[in-house]
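In what follows, a structure is listed as C-alpha cells, so that the remarks can point back to it.
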Amino acid sequence: MAAAAAGAEADGCLRSFELYEAESKFYILGTNTDKTLWRLLTIDRMEPSELNVEEDSTVHSQSDYLDLLRLLDEDHRSTGGVKFVTNCFGIIGFIKFLGPYYMLIITEQRKIGDIFGHPVYQVTKTAMIELSNSKTRPKLTNSKDENRYKKLLQTIDLRKDFFFSHSYHIMRSLQKNISDPQEGWELYDTMFVWNEFLTRGIRNILNTTLWTVALIYGFFKQDKLAICGKDIMLTLIARRSRHYAGTRYLKRGVNDEGRVANDVETEQIVYEDLPGPRQISSVVQNRGSIPLFWSQETSKLNLKPDIILHEKDKNYEATRLHFENLRKRYGNPIIILNLIKTREKRPREIILRREFDRAIKIINSGLPGEDHLRFLHWDLHKNSQSKSTNALQVLLKVAFEALNLTEFFYYQVSPDRRTESFLNLSATLKNGFGPHVCDDNNNHGTADYVDDLDDISQDDTCGSSDPGNGIAEDNSEVNGSTQIKPPKFQKGVLRTNCIDCLDRTNVAQYAYGLAALGHQLHALGSLESPEVHIDAPLSRHLMHFYERMGDTLALQYGGSAAHNKIFSAKRGHLKFAIQSQEFFRTLQRYYSNAYMDAYKQAAINLFLGYFEPQVGKPALWEPESGDEHVLDDDTSKLMKRARSDGSILNNSKPSMSSKGPNGMLNSAFTSSKKEEQYPNWSSDSMHGMSSTSDNSVSKLRYTSSASHVKHISCDLDYCNGSGDSNFLDLDWLSASDNDRSKAISTPDVNISTGNAVGDVSSGTTDAQTTKIQAHGLSKDFVQWVYQGEAFWY
C-alpha cells in the first residue's frame with residue numbers, strides 16, 4: 001500500500017473511471033493511464049435531493065482494486081449487491097431541478113490533438129444519471145416540470161464543440177501556463193470553463209478537481225506541417241466565455257459587470273514537433289460584442305431588426321469595466337478594430353459606431369497615456385465592395401501594425417536547463433497541474449486526429465516569405481552551437497468586432513493570424529523572413545483553419561455557418577455560387593434566430609446556473625420567473641427530446657405564415673420597404689399590422705417616445721467618414737503603393753454586388769432557380785437578400 005501511495009505522487013491523475021450501483025450508493029473507481037493506481041468515490045442515494053459525496057483517501061493498487069470490489073459487493077449483498085453501470089472518462093458535474101440530483105458523466109471521448117504530449121479530447125457521448133433509487137423516487141413531486149427541465153438541459157449538445165484535457169490547462173493560454181502557473185481549483189473559476197457551476201458542489205465538498213473535467217466550449221483544430229524540412233505543429237484554439245453567454249439576438253452588447261456577448265479568445269500555437277529541445281510560440285487575439293447597452297428584438301417577420309441603443313449607462317461605466325478586464329487579462333495595449341458600417345441608407349450600425357467612438361474617447365480622457373485604448377474604425381463592408389480597395393490586404397497591414405505593438409509569445413527549451421522549473425517547459429506545465437498529474441510521454445508524433453490535408457512541401461513554403469521590416473529575432477551562435485534565445489512575451493491584445501462578431505470579424509482575425517504566423521515561424525527558424533505571402537500554400541492552409549473556426553463559432557452564436565465571401569472569392573469560386581451559399585446561410589440564420597434561439601438561451605441559462613429552479617417558485621417558462629427570455633408554447637413545441645445523447649428532434653415544421661409559405665418573408669420584405677418610407681416607425685409596428693397569426697391587437701410603437709432608447713442624430717460627415725484611428729495613419733492604410741502593400745499584394749478578391757441580381761432569373765441556372773422557388777421565396781425578397789443587406793452582419 002505504501003508503494004502505491006508513493007507512486008501516486010508520480011502519476012496520480014485519474015484518466016478513466018468505472019461506475020457501480022448499489023441500492024443506497026453509487027461507487028466510482030478511478031484509475032490512471034496504466035491502471036496501476038485506483039481511487040474510490042462514494043455518492044449517497046438515500047437523500048438524493050442533497051449532494052453527499054465522499055472520497056477515500058487511500059490509493060489502491062491493482063490487487064487492492066479487486067479486493068475492494070469484493071468488499072463492496074459483500075456490504076450490499078442483502079440488497080442485491082453492487083452492479084457495474086458503465087465506464088466513463090470524468091464527471092461533468094451535478095445538477096438539481098425540483099427533485100433529485102443528477103450526475104453528468106462522459107462515457108465516450110475522441111482524441112482530437114495533443115499539446116506537448118498532453119492529449120486533448122472531444123466529448124462524443126454523455127450520460128445523465130439520476131441519484132435517487134426506487135425507494136426515494138416516489139417521494140418526488142412536480143414530475144411534469146422535472147421532466148421538462150431535464151429535456152431542456154439535454155438540448156445542450158455536449159458532443160459538439162466541447163473539449164478538454166486531463167493534463168494540460170487548455171482553458172488558459174500557453175503564455176499564462178508557463179509564466180503564471182496555477183493549480184486545479186483556481187482553473188475552474190476562469191471565464192472559459194463552461195461546467196464551473198455544475199462542478200461547484202463536488203469541488204466544494206472534496207476540495208479537489210481529481211474527479212471532474214473542465215469543459216471548454218469553442219473550437220480546436222490541429223495539423224502537422226512540413227516547413228523547410230521541419231515538422232511544425234499548428235494549433236488553433238477558440239475559447240468561448242461562459243459570462244453573458246447565449247444566442248445572437250438574445251445576448252447583445254455588455255452587461256453591468258462589463259462582460260460582453262460572444263466573447264471569444266483565439267490562440268494560435270506553433271511549435272516544432274520534436275522530443276527534447278523545443279521552440280514554442282503562441283499569439284492570442286479576442287473578439288466580443290460592442291461593449292455598450294444595446295439590443296435587437298427577435299422578430300419572425302424581419303431579417304434585420306432595429307438596433308436599439310439604451311440610455312442605461314451615460315458614463316460608460318460598464319464599457320470601462322470591460323476594458324479594465326481586458327487589461328488585467330492581457331496587459332497593454334488594448335487595440336480595438338471596429339469593422340461596422342459607416343454608410344447606410346437607414347442609420348443602424350452607424351449609431352453604434354458613433355456611440356462606441358464617443359465611449360472610447362471619454363474613457364481615454366480619464367486614463368494615463370500608457371493605458372489609452374488604441375482604436376481603428378474601418379468599414380469592412382464598404383471597402384470589400386470597392387474595386388479600388390483590397391480589403392484583405394488592408395487588414396493585413398492593420399495586423400502587422402497591431403502585432404508590432406503587442407508582439408507574441410516565444411519560448412525555447414533545451415535539455416541543459418531541465419533543472420530550472422521556469423525554463424523547462426515540461427516541468428513548468430507539470431508543476432502547474434497540482435498533485436494529480438498525468439504524464440503522457442507516449443503521445444508524441446502524428447496521431448489519428450490530424451486532418452487528411454496535404455502537408456505543405458518544403459519548396460512551397462520556403463519560398464513563400466517576403467522581405468519586410470518585421471520584429472527582429474535574436475539568433476546567436478557560440479562555438480558553432482545554437483544558444484538559447486531570450487523569451488518574448490505578448491503584451492496587450494487585438495480586440496476585433498463587427499455587429500455579430502462572426503463574419504467580418506473572422507476575416508480580420510485570419511489576417512492577424514497570418515501576420516503572426518510569419519513571425520512565429522521566423523522565430524522558430526523555419527522562415528528567413530517574418531512575412532508569409534498571401535498567395536502561398538501556407539496562407540491557404542491557415543485560411544482553411546480560420547474558415548472552419550468561423551463556421552463553428554457562427555453556428556454556436558448565430559445558428560448558421562459564417563458568411564465567407566472574401567475566403568470563397570480568394571479561392572476563385574464563381575460569384576453566383578458565393579451568393580447562393582450566402583443566401584441560404586442567411587435563411588438558416590434567420591430561421592434559427594426566430595424559432596430556436598429562445599429555447600437554446602433557456603438551456604444555456606440552465607446549464608451555466610444563471611437560472612436555478614426552486615420548488616414553489618415560477619418555472620423558467622413562466623413570465624413570473626424573472627428570466628429575460630421566457631419560452632412561449634410555440635417555441636417549446638418545436639423541440640422534442642428523444643435521447644440523452646445531445647441530439648435534437650423537431651416534432652414538426654411550422655408553416656411560415658398563415659398566409660402561405662411566402663407570407664412571412666414577403667411581409668418582412670414589405671415592412672423593410674415601408675420602414676424606408678417611414679423611418680420614425682419601428683419594425684414592430686409593421687409586424688403588428690401585417691401579421692395574422694394571432695388575434696391579439698398589436699400596439700404601434702413610435703420609437704422616439706421610448707424613454708430607455710438613446711437616439712443620436714447622425715452627422716453626415718462623421719457617419720460617412722472612412723474611419724478614425726489613434727494608432728496608425730489612415731492615409732498610409734488606404735495607400736496602395738507602399739512597400740508592405742507590394743510585399744503582400746494579391747489578386748483582387750472583392751465582390752461587387754451592385755448588379756448581382758438586377759433580374760434574379762437572368763443570373764441563375766435552371767437548377768438554381770428551381771431550388772430557390774422550392775423554398776417559396778418571392779423574387780423581390782431574393783433580390784433584397786442578394787443585394788448584400790443580409791450578408792455582412
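The values are calculated or read from the model by the stated rules, or taken from the named source; none is laboratory data. Only a predicted model underlies this, so the values are computations on that prediction, with no experimental measurement involved. Note that we place each Cβ from the backbone using ideal geometry, even for glycine, and neighbour counts take in every protein chain shown. Heavy atoms of the whole protein, side chains included, go into the accessibility calculation; ligands, DNA and RNA do not. Shrake-Rupley method; radii C 1.70, N 1.55, O 1.52, S 1.80 Å.
With R₀ fixed at 51 Å, the C-beta to C-beta distance from GLN62 to GLN483 puts the FRET efficiency at about 0.60. Accessible area per residue was computed with a 1.4 Å probe on protein heavy atoms; THR107 scores about 30 Å².
Computed from the C-beta positions of ARG540 and TRP185, the FRET efficiency with R₀ = 56 Å rounds to 0.85. Surface calculation, 1.4 Å probe, protein heavy atoms: THR209 sits at approximately 30 Å² accessible.
In this structure, LYS491 and LYS35 have a Cβ-Cβ separation that, at R0 = 51 Å, corresponds to a calculated FRET efficiency of about 0.70. For CYS228, the accessible surface of its heavy atoms amounts to roughly 40 Å² (probe 1.4 Å, protein chains only, rounded to the nearest 10). Averaged over residues, the count of other Cβ atoms within 10 Å places the peptides 504-515, 66-77, 483-494, 345-356 in the sequence 504-515, 345-356, 483-494, 66-77, highest first. Eigen-decomposition of the gyration tensor built on the alpha-carbon atoms of region 13-214 gives equivalent ellipsoid semi-axes of 28, 23, 15 angstrom, largest listed first.
Measuring between alpha carbons in the structure, the pairs from LYS83/LYS144; LYS151/LYS600; LYS345/LYS382; LYS397/LYS485; LYS160/LYS328; LYS35/LYS176 lying more than 20 angstrom apart are LYS83/LYS144; LYS397/LYS485; LYS160/LYS328; LYS35/LYS176. Under the combined filter of DSSP loop state and at most 13 neighbouring Cβ atoms within 10 Å, region 166-245 retains none of its trypsin sites (Lys or Arg not before Pro).
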